[in-house]
1. So which strands (runs of 3 or more DSSP E) are wholly in the range B:10-81 and hold at least 3 residues that are free of Cβ contacts under 8 Å to residues at least 40 places away in the same chain?
2. Could you list all residues from the range A:26-59 that are among the charged types (D, E, K, R) and within 12 Å of another protein chain (Cβ to nearest Cβ)?
3. I'm trying to understand the selection: among the residues of the range A:48-69, which are part of a strand (DSSP E or B), open to solvent by 50 Å² or more (accessible area, probe 1.4 Å) and either basic (Lys, Arg) or in contact with an Asp or Glu (Cβ under 8 Å, 6 or more places away or on another chain) (or both)?
4. So, in the range B:51-62, how many residues would count as being open to solvent by 80 Å² or more (accessible area, probe 1.4 Å) and within 12 Å of another protein chain (Cβ to nearest Cβ)?
5. Identify, by number, the condition in (1) assigned to a loop (DSSP other than H, G, I, E, B); (2) surrounded by 20 or more Cβ atoms within 10 Å (Cβ to Cβ) that residue A:36 doesn't meet.
6. Can you name the residue in the range B:63-105 that is out of contact with any strand residue (DSSP E or B) (no Cβ under 9 Å at 6 or more places or on another chain) and modelled with pLDDT of 95 or more and is also surrounded by the most Cβ atoms within 10 Å (Cβ to Cβ) among such residues?
7. With the condition kept exactly as written, say whether any residue in the range B:75-91 is more than 24 Å from residue B:111 (Cβ to Cβ), of a type outside the set (Val, Ile, Thr) and more than 10 Å from chain A (Cβ to nearest Cβ).
8. Could you grab me the full set of residues in the range B:4-56 that are basic (Lys, Arg) and within 28 Å of residue B:115 (Cβ to Cβ)?
Amino acid sequence: AQSVSQHNHHVILSEAASLELGCNYSYGGTVNLFWYVQYPGQHLQLLLKYFSGDPLVKGIKGFEAEFIKSKFSFNLRKPSVQWSDTAEYFCAVSHNTDKLIFGTGTRLQVFP
Amino acid sequence: KAGVTQTPRYLIKTRGQQVTLSCSPISGHRSVSWYQQTPGQGLQFLFEYFSETQRNKGNFPGRFSGRQFSNSRSEMNVSTLELGDSALYLCASSLGTSGIQETQYFGPGTRLLVL
């Protein structure tokens, strides 16, 4: 069965620090990859997605992610975080259906 | 364009009762998926409906059911509620016709508390 692993459960950073959140998936075929963000009290929002093409994907709010097929990874990065990036981040995978498989999430806390 | 809406936003029920949650997708979206979010299990897929038919199903007991209407609105029903059903129930909509390259857009969720 497909699975998604997010190894960082809780990350604490100071503003302006760089961020990298890990995401690994288990499926070997063609996949669609997503990062969603859930700000406190708000609903899940799409940060970025990868379907095909350039493996470096840019999303909203300065986030980017790199798809490395050989490593089954889709890590999320941001060069300089802000206090407003405090949220929970979810990596998700789908392949041939609309069913999304989510990782367990990473809670990011950014201190000013 | 209005986003995905879910009603009610909060619900308190007691064990053994049943509950119905509602989801209105983004206009033009024909696929509606339901997810359960809990602190212990994270986000888990319940089922997906497209054109009034269940197209995909997760690993939840038969107490969890759903349906979709001709206007693509969807309802989810949970019968014989258990304490462990306390969760945030999320609905997501997508076009449903783009093959594998679909993006799901989520609603705010219905928070269900079972006492």
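The values are calculated or read from the model by the stated rules, or taken from the named source; none is laboratory data. Values in this document were obtained by computation on a predicted structure and should not be read as measured data. No Cβ is skipped: glycine too gets one built from the backbone with ideal geometry, and neighbour counts run over all protein chains shown. The area values use the complete protein model at the heavy-atom level, side chains included, leaving out ligands, DNA and RNA. Shrake-Rupley method; radii C 1.70, N 1.55, O 1.52, S 1.80 Å.
1. Answer list for the range B:10-81: B:42-50, B:53-57, B:64-68.
2. Pass one, the range A:26-59, residues among the charged types (D, E, K, R): A:49, A:54, A:58.
Within the range A:26-59, A:49 is the sole residue that qualifies.
3. A:49, A:56, A:58
4. 3
5. Of the numbered conditions (1) assigned to a loop (DSSP other than H, G, I, E, B); (2) surrounded by 20 or more Cβ atoms within 10 Å (Cβ to Cβ), the odd one out for residue A:36 is (1).
6. The extreme case among them is B:80.
7. No, the range B:75-91 contains no residue that is more than 24 Å from residue B:111 (Cβ to Cβ), of a type outside the set (Val, Ile, Thr) and more than 10 Å from chain A (Cβ to nearest Cβ).
8. Filtering the range B:4-56 down to residues basic (Lys, Arg) leaves B:9, B:13, B:15, B:30, B:55.
Selection gives B:9, B:13, B:15.
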